[in-house]
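Here the structure is laid out as structure tokens; the discussion comes afterwards.
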Amino acid sequence: MSIISKSRLSEYRNSTRYYSKTITESLKEFKAESRYSKVTIFLSHKHDETEELDSAISFLKRFGVEVYVDWLDDGMPITTSGITANRIKQKIKENRKFIFLATEGAISSKWCNWELGHGDAEKYIEHIAVLPVKNNYSDFSGAEYLQIYPYIYESDSTPNSFYVKYPNGDLKGLGTWLKS
């Protein structure tokens with residue numbers, strides 16, 4: 001599995017903005033934008049990885065799609081509960097695509113793995129993908145079960161060309177996949 005480094009992903013942070021913002025400012029702006037936009041992607045991620053989240057949102061927005069992030073949803077309860085789980089299940093179902101932002105932290109998160117299980121049930125195999133991200137200069141320990149999912153990667157031969165690679169080896173351009 002070809003893995004995008006954290007520093008490579010962070011290059012997309014603020015790439016769609018006119019001036020540099022803090023992560024908090026950027027996520028607040030994203031939350032405001034999402035209220036009025038048609039959401040198309042459920043982005044599963046580890047909540048305390050805000051830099052990775054902001055970078056992934058900026059990266060995906062370059063393809064003209066909108067992203068749903070659960071904790072930016074005003075409809076979510078303040079305290080995590082069964083209501084939270086039911087709302088997440090509903091949002092996974094409502095969104096056209098499911099992307100798992102697979103950082104080391106997300107892979108070890110019970111919530112992220114639970115979301116991935118629901119994404120699998122609702123979206124497998126055409127509308128689910130893993131976006132693997134490793135820490136800079138480290139190996140990705142991963143989890144073998146992720147190998148059954150399509151994943152997003154950047155072509156080594158053509159920089160800035162991203163694809164979704166299916167477990168059977170088939171490729172689809174990321175922009176085409178996101179809009180399918």
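The values are calculated or read from the model by the stated rules, or taken from the named source; none is laboratory data. Everything quoted here is computed from the prediction, not taken from an experiment. Cβ placement follows ideal geometry from the backbone for every residue including glycine, while neighbour counts extend to all protein chains displayed.
You will find that of TYR163, TYR153, TYR149, the residue that is among the aromatic types (Phe, Trp, Tyr), within 14 Å of the chain's Cα centre (by Cα) and over 19 Å from PHE42 (Cβ atoms) is TYR153 and no other. Residue selection: LEU27 fails the criterion of being modelled with pLDDT of 85 or more and either outside any loop (DSSP other than H, G, I, E, B) or surrounded by 20 or more Cβ atoms within 10 Å (Cβ to Cβ) (or both). In this structure, ILE99 does satisfy being closer than 21 Å to TYR163 by Cα, of a type in the set (Val, Ile, Thr) and touching a helix residue (DSSP H, G or I) at 6+ places or on another chain (Cβ under 9 Å).
Report, by residue number, each residue of the range 94-110 that is in contact with a Lys or Arg (Cβ under 9 Å, 6 or more places away or on another chain) and without any contact (Cβ under 8 Å) to a residue 24 or more places away in the chain. Correct list: SER108 only. Which one is farthest from SER180 (Cα to Cα) among residues in the range 71-88 that are surrounded by 16 or more Cβ atoms within 10 Å (Cβ to Cβ) and touching a residue at least 24 places away in the same chain (Cβ under 8 Å)? Within the range 71-88, the match that is farthest from SER180 (Cα to Cα) is LEU72.
Quick check: anything in the range 148-169 in contact (Cβ under 8 Å) with a residue 40 or more places away in the chain and at positive phi? No, the range 148-169 has no match at all. Read through the list (1) over 25 Å from ARG8 (Cα atoms); (2) modelled with pLDDT of 90 or more, then give the number of the only condition that LEU60 fails. Exception for LEU60: condition (1). THR158 fulfils the conditions (1) in contact with a strand residue (DSSP E or B) (Cβ under 9 Å, 6 or more places away or on another chain); (2) under 23 Å from SER55 (Cα atoms); (3) not basic (Lys, Arg) except for a single criterion, (1).
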